[in-house]
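Everything below concerns the one structure shown next.
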């Protein structure tokens with residue numbers, strides 16, 4: 001929205017407070033905290049993979065860097081073709097974005113407006129509340145079940161004639177829980193076809209509940225479905241920001257029209273296309289992550305701290321009677337950074353990313369020391 005202030009020929013001016021009042025309704029994205037710590041910092045707050053990209057990916061980035069005097073391909077042709085080959089899915093139905101967040105924001109810009117509604121579970125990905133706030137739409141937040149999973153029945157009850165978009169994060173961030181594809185298939189079939197169903201699968205590669213590609217078959221049966229994925233997590237490319245969506249050609253066109261040009265930079269496109277060639281490397285990363293998941297969750301449970309039934313590269317820890325602020329403070333003082341549950345919609349919890357074994361053990365040791373002093 002552009003406002004001429006003052007507006008000629010009337011030359012009247014709006015107060016700055018009026019111009020920017022709507023900004024106050026948009027929540028600030030809760031980025032991970034950092035602490036002043038003179039020593040080794042163990043960062044388990046942002047669901048990053050602890051392992052650097054494949055060496056071939058680094059080589060592809062270096063090679064692409066020689067052309068930085070040129071703009072990147074605005075349509076990401078080579079990357080979309082690589083994704084098309086990887087998933088056996090039409091390239092003209094693949095949307096690229098500067099991380100999956102940009103695709104979510106673009107979809108909201110294209111589909112939502114004052115009077116429209118968006119339905120999603122809560123707590124879930126912290127970006128979802130932005131979509132309604134920035135468009136004037138109404139957000140319908142549906143509480144998770146007692147076992148921290150999506151309550152699909154309750155979500156379906158909230159769908160009305162004003163609903164434009166429904167989002168399911170699977171596995172869910174921050175709770176790490178996941179739903180079977182068969183359950184989602186039945187549920188999506190009951191959602192009216194004019195409503196966009198976005199299945200946010202940022203962590204799907206880490207799930208052991210089912211084959212990560214099992215959800216691709218849903219695209220053949222539901223033309224209102226969009227699968228949202230990213231190179232930020234298992235591929236280890238957080239720093240380059242590449243997200244993608246598999247959906248309809250109409251969805252791609254809608255997102256492309258409203259977002260900025262050249263949104264996925266040249267290095268990101270080259271890195272992502274190369275990363276797709278190394279699926280054996282991805283399998284190894286997942287295996288190492290699952291081993292650490294079992295280790296960390298079993299150690300937490302041995303300490304009397306319950307965790308969700310996780311299917312991601314992080315765990316959702318129920319602190320019980322322990323004070324969340326005190327634990328966050330104690331961990332931070334010992335150089336361990338995790339995410340506070342209250343920042344993610346779940347007070348009384350921690351979200352802890354799985355790192356390397358030494359990093360995970362430093363977290364456990366810091367937790368022990370913190371619990372002993374509070």
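From (1) in the same structural domain as residue 214 (by TED's automatic domain parsing); (2) surrounded by 21 or more Cβ atoms within 10 Å (Cβ to Cβ); (3) within 17 Å of the chain's Cα centre (by Cα), pick out the condition that doesn't hold for residue 268.
For residue 268, the exception is condition (3).
Looking at region 267-283, which of its residues are farther than 14 Å from residue 243 by Cα and assigned to a helix (DSSP H, G or I)?
Within region 267-283, the first condition is being farther than 14 Å from residue 243 by Cα, and the residues that meet it are 274, 277-283.
Scanning region 267-283 gives 274, 279, 280, 281, 282, 283.
Report yes if residue 241 is within 18 Å of residue 46 (Cβ to Cβ) and not assigned by TED's automatic domain parsing to the domain that holds residue 181, otherwise no.
no
Among (1) part of a helix (DSSP H, G or I); (2) closer than 15 Å to residue 126 by Cα, where does residue 186 come up short?
Going through the list (1) part of a helix (DSSP H, G or I); (2) closer than 15 Å to residue 126 by Cα, residue 186 breaks only (2).
Out of region 345-366, which residues are assigned to a helix (DSSP H, G or I) and within 20 Å of residue 289 (Cβ to Cβ)?
Residues satisfying the conditions are 357, 358, 359, 360, 361, 362, 363, 364.
Conditions (1) assigned to a loop (DSSP other than H, G, I, E, B); (2) modelled with pLDDT of 95 or more, marked per residue:
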{"position": "10", "(1), (2)": "yes, no"}
{"position": "14", "(1), (2)": "yes, no"}
{"position": "23", "(1), (2)": "no, no"}
{"position": "34", "(1), (2)": "yes, no"}
{"position": "40", "(1), (2)": "yes, no"}
{"position": "47", "(1), (2)": "yes, yes"}
{"position": "57", "(1), (2)": "no, yes"}
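Could you identify the single residue in 336, 290 that is at pLDDT 95 or above, in contact with a strand residue (DSSP E or B) (Cβ under 6 Å, 6 or more places away or on another chain) and more than 21 Å from residue 144 (Cβ to Cβ)?
336
Can you pull out every residue in region 115-155 that is touching a residue at least 24 places away in the same chain (Cβ under 8 Å), out of contact with any strand residue (DSSP E or B) (no Cβ under 9 Å at 6 or more places or on another chain) and in a helix (DSSP H, G or I)?
Within region 115-155, 130, 134 meet the criteria.
I'd like to check something: does region 49-65 contain any residue that is within 18 Å of the chain's Cα centre (by Cα) and either buried (at least 19 other Cβ atoms within 10 Å of the Cβ) or under 30 Å from residue 360 (Cβ atoms) (or both)?
yes
So which of 321, 309 ends up being within 19 Å of the chain's Cα centre (by Cα) and assigned to a loop (DSSP other than H, G, I, E, B)?
Details: 321 fails: within 19 Å of the chain's Cα centre (by Cα).
309 is the lone residue from the list that is within 19 Å of the chain's Cα centre (by Cα) and assigned to a loop (DSSP other than H, G, I, E, B).
In region 308-327, how many are in contact (Cβ under 8 Å) with a residue 60 or more places away in the chain and buried (at least 19 other Cβ atoms within 10 Å of the Cβ)?
Adding up the residues that qualify gives 8.
Out of all the residues in region 294-302, is one or more modelled with pLDDT of 95 or more and more than 19 Å from residue 355 (Cα to Cα)?
To start, the set of residues in region 294-302 that are modelled with pLDDT of 95 or more comprises 294-302.
If we keep only those that are more than 19 Å from residue 355 (Cα to Cα) too, we end up with 302.
Yes - at least one qualifying residue is present in region 294-302.
Which condition number does residue 191 fail, the rest of (1) in a helix (DSSP H, G or I); (2) in contact (Cβ under 8 Å) with a residue 12 or more places away in the chain; (3) surrounded by fewer than 22 Cβ atoms within 10 Å (Cβ to Cβ); (4) more than 20 Å from the chain's Cα centre (by Cα) being met?
Single failed check for residue 191: (1).
The values are calculated or read from the model by the stated rules, or taken from the named source; none is laboratory data. Please read all numbers here as calculations on a predicted model, not as lab measurements. With ideal geometry, Cβ positions are generated from the backbone for all residues, glycine too; neighbour counts draw on all protein chains shown.
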